[in-house]
Amino acid sequence: MTKLPKIAVLTGAGVSKASGIPTYRDGADSLWNNYHPQELATPEAFARDPRLVWEFYDWRRRNMARAKPNAAHITLAEMEAALPNFTLVTQNIDGLHREAGNRNILYLHGDIWLVRCTECDYRDEDRRVPLPELPPRCPRCGAMLRPDIVWFGEALDARTLNLAEQAFRRADIALVVGTSAVVYPAAYLPHYTREHFGQIIEFNMDRTDLSVYAHEVILGPAEMTLPNWWQRFKDEYGIS
Ligand code: BJW
Ligand code: ZN
């Protein structure tokens with residue numbers, strides 16, 4: 001059998017759109033078209049009005065709790081199960097990759113189902129929808145909890161980012177799926193693959209700033225194009 005290529009995947013909000021979760025930047029119903037990120041997704045916004053910020057996240061948790069993985073998520077879970085060298089890096093906070101069955105996930109921008117304390121090192125899963133009290137309080141020290149999410153101006157977890165960078169450096173193929181590739185440092189990851197002579201394959205509805213660097217741009221909904229690409233890949237490499 002031909003040697004299987006090493007694959008690193010970067011996903012963004014477009015992957016979850018068919019699951020009913022709005023994206024951030026494309027179209028009338030996208031999140032930042034209707035809400036100001038500066039008022040809701042920054043540490044300054046949280047310091048100013050934690051209740052408002054929590055209401056926003058509680059509302060989004062309600063929507064995300066109803067969402068189910070789509071064919072794009074399921075394909076990525078199949079890929080993880082079939083490929084010995086596969087890394088999934090996501091910007092998404094919705095948890096749908098986990099629900100689809102991926103086990104090895106690098107969450108660049110955090111996870112909406114985790115809360116952490118603003119004062120002590122308490123961090124835990126909380127899946128209650130809606131939350132009984134806003135803002136929620138730390139069971140250990142009583143201080144305010146915050147969503148375990150990376151807001152604008154906050155550093156990404158250094159270890160997670162490091163592992164993601166390594167995976168893209170090592171990869172023969174970087175798949176970039178459903179992201180506008182404008183938010184850094186995430187948007188830089190596929191360039192590491194290119195710098196090491198690997199290929200970038202982009203799956204998106206439209207071209208992005210990354211498209212000129214991609215070896216292949218596959219336009220269309222990822223819930224259709226990704227399963228098709230994976231089927232062709234399996235045929236080529238004799239994976240059943
Ligand atoms: C489909 C589809 C279908 C639709 N199929 N496709 C200037 C230059 C460079 C950097 C900066 C700059 N000014 C400021 C910065 C830094 C900033 C940044 O990058 N800003 C840019 C916007 C310019 N970055 C940060 O602040 C980061 N931190 C940082 O830099 O720290 C530095 C530091 C170091 C040391 C100490 C302290 C600080 C943090 C970024 C955190 C981003 N957080 C968010 C919000 C999370 C919380 C929440 O959800 O509320 O993460 S922003 C938002 O954007 C979210 C996403 O993960 C992220 C990326 O969005 P994504 O996934 O690409 O979605 P969209 O909507 O943009 O695109 C969807 C795409 O899907 C589209 O292309 C569609 O076409 C496509 N699509 N349907 C396939 N069916
Ligand atoms: Zn605490």
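The values are calculated or read from the model by the stated rules, or taken from the named source; none is laboratory data. Here the structure is a predicted model, which is why all the values come from computation and not from measurement. Note that each Cβ is placed from the backbone with ideal geometry, even for glycine, and that neighbours are counted across all protein chains shown. The protein model used for the area step is the full one, side chains on, heavy atoms only, and it has no ligands, DNA or RNA in it. Shrake-Rupley method; radii C 1.70, N 1.55, O 1.52, S 1.80 Å.
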Inset, instruction - Provide the percentage of antiparallel DSSP beta bridges, counting only those with both residues in the stretch 86-183; round to the nearest 5. - result: 75 percent
Inset, instruction - Keeping every protein chain in place, order E99, E154 by accessible area at 1.4 Å, biggest value first, i.e. largest first. - result: E99, E154
Legend entry - Potential lengthening between A28 and N104 on full extension [0.36 nm per residue; Cα-Cα distance subtracted]: 24.0 nm
Inset, instruction - Compute the Cα gyration tensor for the stretch 64-197, then decide on rounded, prolate or oblate, letting a ≥ b ≥ c be the square roots of its eigenvalues: rounded whenever a/c is under 1.5, prolate when a/b is larger than b/c in the other cases, and oblate in all that remain. - result: prolate
Legend entry - DSSP bridge orientation in the chain - percent antiparallel, rounded to nearest 5: 30 percent
Inset, instruction - Set Lys and Arg Cβ to +1 and Asp and Glu Cβ to -1, take the dipole of the chain about its Cα centre, and tell me which of P185, Q199, W113 lies farthest positive. - result: W113
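Mind ranking K6, K68 by accessible surface for me, highest first, 1.4 Å probe?
Values: K6 65, K68 125 Å².
Highest to lowest solvent-accessible surface, that is K68, K6.
If contacts are Cα pairs under 8 angstrom and at least 6 residues apart, what is the relative contact order of the chain in percent?
Values: 427 pairs, mean separation 54.7, N = 240.
It rounds to 23 percent for the chain.
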Legend entry - Principal axis dimensions, the stretch 127-240 - Cα atoms, whole angstrom, descending: 56, 29, 29
Legend entry - Rounded to the nearest 20 debye, dipole of the chain from Cβ charges on Lys, Arg, Asp, Glu: 400 debye
Legend entry - Partner aspartates and glutamates for K68 [C-alpha distance under 12 Å; skip if fewer than 8 residues away on the same chain]: D94, E99
Inset, instruction - Would you rank D121, D172 by solvent-accessible area, highest first, keeping every protein chain in place and using a 1.4 Å probe? - result: D121, D172
Legend entry - Cβ-placed point charges (K, R +1; D, E -1), dipole of the stretch 180-237 about Cα centre in debye, nearest 20: 60 debye
Inset, instruction - Compute the length gained on full extension between H215 and R194: take 0.36 nm times their separation in residues and subtract their Cα-Cα distance, giving the result in nm to one decimal. - result: 6.6 nm
Inset, instruction - Along Cα→Cβ, 7 Å out, is where each label goes; now give me the distance between the ones at N228 and K3 in nm to one decimal. - result: 3.1 nm
Inset, instruction - Report the semi-axes of the equivalent ellipsoid for the stretch 6-75 in whole Å, largest first, where each axis is √(5λ) for an eigenvalue λ of the Cα gyration tensor. - result: 26, 14, 12
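Roughly what % of Cα-Cα distances in the chain sit above 32 Å, to the whole percent?
21 percent
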Inset, instruction - Work out, step by step, the length gained on full extension between A67 and R169: first 0.36 nm times the residue separation, then minus their alpha carbon distance; give nm to one decimal. - result: 33.4 nm
Inset, instruction - Show which aspartates and glutamates lie in cross-link reach of K234 when reach means a straight Cα distance below 20 angstrom and same-chain residues fewer than eight apart are skipped. - result: E78, E80, D172, E202, E216, E223
